[in-house]
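Before any comments, here is the structure.
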Amino acid sequence: PCIGLGAWPLSQPNRPSEKEALYLLHQAVDRGVRLIDTADAYCLSDVEFHHNERLIGQLLRETSERIVVATKGGFCRPNGDWVENGRPEHLRATCEASLRALGVGQIDIYQLHAPDPEVPLEESMGALARLKEQGKIAQIGLSNVSVEQIELAQRIVPIASVQNRCNPLDRSAWSDGVVGWCEQNNVCFLPYSPVGGAEERHEIATHPVLCQVGAQLRASPQQVALAWLLHISPVMIPIPGASKLKNLYSSIGA
């Protein structure tokens, strides 16, 4: 069992300085984290697009450890808004920019951040398949998708990972069949917001069962939530976010 690190909080409002962010990333690597999740759109707005990837790129230049980087494309951030953009020309251009930001010749896992309702999924996946053929992407993943969308994408190109919201209070990834599909097809499932995210953070922290189990194990309710995810499925790699060292250490302690 292992966890990854969601680097998203390092590029959001009230984020740490670049020096502090890099120190946190190095601490994660020093404590055994080998998967880091990022995205081109992890930034405040389009003005600083690829901000998070540039931080990860600096980490890669400063460490000798082999880190698997999972990044994403498929959103734009005009004025800080989130707008889907799955057009093939956009995905090709932003993938090239991600390669430069990360400072790598090939991206380990490139995920479509979300299907674009204005663009047929086949067109978006076709663009990623061609990037894989060109050697710019090693593996392709999906995020914010249904089983139907995964199966459609799988007919175009092999899918290595699926990243949907999932935690002890949000079990839709089970009820909609996504986790089951990943288990049956040996595809990695990367649950985001595994300790609640902004929406359910307080509920996780105060949930009576998580708190009771945590008290018995001398663990925080957040650690219990992560440990539950790690235990419940062999394809799970939770990606809790952290912008503070105490939260990083807590997640690793799960």
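The values are calculated or read from the model by the stated rules, or taken from the named source; none is laboratory data. Given the structure is predicted, the values throughout are model-derived calculations rather than measurements. Positions of Cβ are generated from backbone atoms using ideal geometry, with glycine treated the same way; all protein chains shown enter the neighbour counts. The area values use the complete protein model at the heavy-atom level, side chains included, leaving out ligands, DNA and RNA. Shrake-Rupley method; radii C 1.70, N 1.55, O 1.52, S 1.80 Å.
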**OP:** Assess whether SER98 counts as being over 17 Å from the mean Cα position of the chain (by Cα), assigned to a helix (DSSP H, G or I), of a type in the set (Ser, Thr, Tyr) and crowded, with 20+ Cβ neighbours inside 10 Å.
**Re:** no
Original post:
Of these, ASP40, ASP46, which one is open to solvent by less than 10 Å² (accessible area, probe 1.4 Å) and touching a residue at least 12 places away in the same chain (Cβ under 8 Å)?
Top reply: ASP40
**OP:** Evaluate the stretch 56-64: report whether one residue or more is charged (D, E, K, R), touching a strand residue (DSSP E or B) at 6+ places or on another chain (Cβ under 8 Å) and surrounded by fewer than 21 Cβ atoms within 10 Å (Cβ to Cβ).
**Re:** no
Original post:
Which of the residues that make up the stretch 225-249 are closer than 19 Å to PHE189 by Cβ, touching a residue at least 40 places away in the same chain (Cβ under 8 Å) and not small (Gly, Ala, Ser)?
Top reply: LEU226, TRP228, LEU229, LEU230, HIS231, PRO234, VAL235, MET236, ILE237, PRO238, ILE239, PRO240
Original post:
Among (1) in contact with a helix residue (DSSP H, G or I) (Cβ under 9 Å, 6 or more places away or on another chain); (2) among the polar types (S, T, N, Q); (3) without any contact (Cβ under 8 Å) to a residue 60 or more places away in the chain, where does GLN134 come up short?
Top reply: (1)
Original post:
Can you spot a residue in the stretch 207-218 that is under 18 Å from the mean Cα position of the chain (by Cα) and loosely packed, with under 15 Cβ neighbours inside 10 Å?
Top reply: no
Subject >> Residue in the stretch 154-192 that is most open to solvent (accessible area, probe 1.4 Å), counting only those that are touching a residue at least 40 places away in the same chain (Cβ under 8 Å) and of a type in the set (Gly, Ala, Ser) >> reply: ALA160
**OP:** Hey, could you check the stretch 1-37 for residues that are among the basic types (Lys, Arg) and under 27 Å from ALA225 (Cα atoms) and say which is surrounded by the most Cβ atoms within 10 Å (Cβ to Cβ)?
**Re:** ARG15
